[in-house]
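Below: the structure, in structure tokens.
The values are calculated or read from the model by the stated rules, or taken from the named source; none is laboratory data. Quantities reported herein were computed from a predicted structural model and do not represent experimental measurements. Note that we place each Cβ from the backbone using ideal geometry, even for glycine, and neighbour counts take in every protein chain shown. The protein model used for the area step is the full one, side chains on, heavy atoms only, and it has no ligands, DNA or RNA in it. Shrake-Rupley method; radii C 1.70, N 1.55, O 1.52, S 1.80 Å.
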Amino acid sequence: PKPAEGYDPEGYRSTRMQYFKDMSRYSTKRLKKISARKLAMRGFKRLDSFVIADQIRLVRPARTLKKLKRWVRKGGHLVLTDAALKLLPKLKVVPKAAVAKQLLGAGHVNVDEWTDPYMKGVHHTASQTYYEVGLGYSVDEDTSPHWTVDKTAWEEARGKSVAHVDDAERIGLGRVRFGKGTIAIFGAVLPPATEKFDHYYGLADYAVSVAGGQILNNILKLAR
């Protein structure tokens, strides 16, 4: 949208990857950014965990996917957040039709398994995983993206369901064994910011809630 009359906004930069840079400052094990080009050249050797946050950008996709599959099967820990769940069909975990985007209110999950390790330290009333306003999403409409997997397809892949999103048949948080490794999914935590709605004060890099941050931290911690 155009700025209101009398306003001359300055440019700004918004990237969800800042979250991992900030998180790394408090981590006992440094988080490293790896470019798609480096992945294509070097593969996934020396990595314990690999996070794809929302966007899937691969150089030489077929070759890189083959390396990714091999790495996970040998014991790697792959974490897919938000739109990166679209990688599940490419990894032959679930059919393409099983993965979908839902537009709802603020980012959230409905927890089914409070005793699961992913929920350690998360308050029992928590549900919200990211705030919509700082990322430019509307509070007047259901505009915040949530990525989910069909429960039946997930269970057929022997996936573990930790939380659903609104509909009990749509899984938004869980994990599945893949050979000797694991693929974790978290469908509503680090979505891209949007300029579709009014945002006169710019956009945040990320808007992860306390609960969302704790869940993601638990996912990464379990990979060690």
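So, with a 1.4 angstrom probe, what is the percent of accessible area on the chain that is carbon and sulfur? Numbers along the way, then the final one.
Numbers: 6290 of 12850 Å².
Ligands and nucleic acids excluded, carbon and sulfur reach 49 percent.
How high is the FRET efficiency between Thr28 and Leu104 when r is their beta carbon distance and R₀ equals 41 Å, given to the nearest 0.05?
Computed FRET efficiency for Thr28 and Leu104 comes out at 0.75.
What ranking of Met23, Met119 comes out by heavy-atom accessible area, probe 1.4 Å, highest first?
Met23, Met119
Please report, largest first and rounded to whole Å, the three semi-axes of the ellipsoid equivalent to segment 92-180, where each semi-axis is the square root of five times an eigenvalue of the C-alpha gyration tensor.
24, 17, 10
For Rg/Rh (Cα atoms, Kirkwood Rh), several values are listed as (i) 1.07; (ii) 1.03; (iii) 0.97; flag the one computed from this structure.
This structure yields the entry labelled (iii).
Where is the GNM fluctuation largest for the chain (alpha-carbon springs, 10 angstrom cutoff): Lys90, Lys101, Lys151?
Answer for the Gaussian network model of the chain: Lys90.
When ligands, DNA and RNA are left out and all protein chains stay put, how many square angstrom of accessible area per residue does segment 141-224 have with a 1.4 Å probe? Mind dumping the intermediate values first?
Values: 3730 Å² over 84 residues.
With the other protein chains kept in place, segment 141-224 gives 44 Å² per residue.
In percent, how large is the relative contact order of segment 152-210, given Cα pairs closer than 8 Å and 6 or more residues apart? Write out the running numbers ahead of the final one.
Working: 60 pairs, mean separation 12.0, N = 59.
The value is 20 percent.
Of the cross-linked pairs Lys29/Lys151; Lys69/Lys151; Lys66/Lys120; Lys29/Lys101, which ones have a Cα-Cα span greater than 30 Å in the structure shown?
In this structure, Lys29/Lys151; Lys66/Lys120; Lys29/Lys101 exceed 30 Å between Cα atoms.
So what is the calculated 222 nm ellipticity per residue for the chain, using -39500 (n - 2.57) for each DSSP H run with n of 4 or more, over all residues, to the nearest 500 deg cm²/dmol?
It lands at -6000 deg cm²/dmol.
Taking the Cα-to-Cβ direction at Glu141 and at Arg57 and moving 7 Å from each Cα, how far apart do the two end points lie in nm?
Those two pseudo-labels are separated by 2.8 nm.
Magnitude of the Cβ-charge dipole of the chain, K/R +1 and D/E -1, about the Cα centre, nearest 20 debye?
Once rounded to the nearest 20, the dipole reads 2680 debye.
Quick one: of the DSSP bridges fully inside the chain, what percent are antiparallel, nearest 5? Numbers along the way, then the final one.
On the way: 24 of 34 bridges.
Of the beta bridges lying entirely in the chain, close to 70 percent run antiparallel.
Tell me the Rg and the Dmax, in Å, that the Cα atoms of segment 39-133 produce.
For segment 39-133, the Cα-based Rg and Dmax read 15.8, 45 Å.
If I stretch the segment between Gln18 and Glu195 completely, what's the gain in nm (0.36 nm per residue apart, minus their alpha carbon distance), one decimal?
61.9 nm
For the chain, calculate the relative contact order in percent as a whole number, restricting contacts to Cα pairs under 8 Å that are 6 or more residues apart. Please list the in-between numbers first.
Values: 438 pairs, mean separation 59.3, N = 224.
Worked out over the chain, it gives 26 percent.
Rank Gln18, Gln128, Gln214 by mean-square fluctuation in a GNM of the chain with C-alpha springs under 10 angstrom and give only the top-ranked residue.
Answer for the Gaussian network model of the chain: Gln18.
Pick from His199, His164, His77: which residue has the top mean-square fluctuation in a GNM of the chain where Cα pairs under 10 Å get a spring?
In the Gaussian network model the winner is His199.
Below 8 Å, C-alpha to C-alpha, sequence gap of six or more: please give me the relative contact order for segment 92-224 in percent.
31
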